[in-house]
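Scroll down for the structure; my scribbles are underneath it.
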Amino acid sequence: MINYYYFQEKDKTQKCVKHTTKVIGCANRLDRAIDESELGQIGYLLTSNQIYLEKYQEAKKSIPLLLDSIGSMTIDNPLQLKIIRQKLIPQIIQKLEEFDFTIRLIMLNKNDSAVKIVNSDVSHYTIGLIKKELKHFIYNENQLKIERENQLVSNYENYDLIVYSRFIFVILVLVTALITIKRQETNNKKLIDELNQFNLQLEEKVIARTKELEIANISMVKNINDLEDFNIRISRMNEEKSKFLSIASHDLKNPINAIMGLTSLLKEENENFNQEQKDYLNYIEESSQKMTSLINYLLDISKIELGNQTLRLEEVDITLITESIIYTYQQSAKKKGFKIIFKSDFRGKTLVTDKHRISQLLDNLYSNAIKYGRPGGIIQVTWEDKGLYCRLEIFNEGEGIKEDELPLLFGKFQKLSTRPTGGESSSGLGLSITKQYVEELEGTIRCVSELSKGTSFIVELPK
């Protein structure tokens, strides 16, 4: 009975020591994973090398698993569990969100904005806080391990008495084991011979496969060279297309402007026209305006593709520009009975940006809201100051966009199943140009839509 008690106590203490060691190991792996994720982020920022991005993603993937493991293993330790749940988990989640945002900026070639975040005091403070709490957590576990190891030493001293009493039994077991080992030697020798034969066959297969791969690599290199030549030809053809599109669109503007001018003159002297002729004049004028809008879109696209547009940064009152665009579409909004809501955190403030691009993307998104909004519904335009970046959201109540059509939204000449509510025309170019402008401003744009409720376009721009 005494032997059983000592055995149970020793076994229990051993498990406690192993458990504590496992917790410390998990905590150290978590510490390394955080270091590796930060290293991957910085390495990707400095080199844009996918290897660093993969290291970051692998480290990031392991962090939640390690946190869960540590949390489950310290469930019976309130002090350590409090450190995990109330300090480490919130701090690490905040840091991972910062890492993800920085990576997205790098992918969008916004390295300057990413560098500002990485070098910010908040970033350094957060990682320092995580390291401090993790070090505190590991220290507590080491102290617990020392206590349990001391207890284990005491248990071993008591257990030695039991071990000595079983010494003879162990000798008998060893003798039996030696006899068994001797019998196994013959079988093992046979198995070793078979294994050597298998290794030889495997080496032959590896050599043959290596030769096959060398031949395949030679073919792959040739295919890559052919593909590079093809891509060069495609790039040249695309550049020639963009130049032709620019020239053709520019040349079309003169006759269209002439038609619009003559139509205006005819409308001013329409006393002798009957109603049918007046309707024809209105139709000609409307069609000319649509053609002018399409030509302007085509010119914008060709400029973007040819790289003829440069950023002109200046102090811009985005609140004033937004109010001006809302006023421009006042009649269209009134015609459909919209309730317009405008909120801005930038009243009395300016933003250093490109005035033309801001105006154009606001015009495109707001006119879209007018075009696809449900008559009598709400259109809300909101500018928010988010510290490191500003956020524009334009929401309209309407039919919404199908989930499977959202990936097509910013493509050129894309026309989705959702139709304008007033029978307006759509070129399918506005959102594509808007996305180009947002990316030139080192920002991001996305769409959130719910069928039968409405659609929000969200633009985030660095300050």
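Among the candidates Ile168, Ile247, Ile256, Ile234, single out the residue that is out of contact with any Cys (no Cβ under 8 Å at 6 or more places or on another chain), part of a helix (DSSP H, G or I) and modelled with pLDDT of 80 or more. Every option except Ile168 fails the conditions.
Criterion first (over 20 Å from Asp354 (Cα atoms), at pLDDT below 75 and not in a helix (DSSP H, G or I)) does Glu271 satisfy it? So Glu271 passes the test.
Taken over segment 411-427, the residue count meeting the criterion of being in contact with a Leu (Cβ under 7 Å, 6 or more places away or on another chain), modelled with pLDDT of 75 or more and not aliphatic (A, V, I, L, M) is 1.
Scanning segment 361-393 for residues that are farther than 30 Å from Glu98 by Cα and part of a helix (DSSP H, G or I) yields Asp363, Asn364, Tyr366, Ser367, Asn368, Ala369, Ile370, Lys371, Tyr372. Kindly indicate whether Gly422 is small (Gly, Ala, Ser), part of a loop (DSSP other than H, G, I, E, B) and within 25 Å of Ile318 (Cβ to Cβ). No; evaluated as a whole, the condition is false for this residue.
For segment 437-451, enumerate the residues that are crowded, with 20+ Cβ neighbours inside 10 Å and either assigned to a helix (DSSP H, G or I) or among the aromatic types (Phe, Trp, Tyr) (or both). Once the filter is applied, which keeps residues that are crowded, with 20+ Cβ neighbours inside 10 Å and either assigned to a helix (DSSP H, G or I) or among the aromatic types (Phe, Trp, Tyr) (or both), segment 437-451 yields Tyr437, Val438.
If the condition is being under 28 Å from the mean Cα position of the chain (by Cα) and under 20 Å from Lys386 (Cα atoms), then segment 344-360 contributes Ser344, Asp345, Phe346, Leu351, Val352, Thr353, Asp354, Ile358. Here is a check on your reading of the model: is Ile318 over 22 Å from Phe410 (Cα atoms) and crowded, with 19+ Cβ neighbours inside 10 Å? In short, yes.
The values are calculated or read from the model by the stated rules, or taken from the named source; none is laboratory data. What you see is a predicted model; the values in this text were computed from it and never measured. All Cβ positions, even for glycine, are placed from backbone atoms using ideal geometry, and neighbour counts span all protein chains on display.
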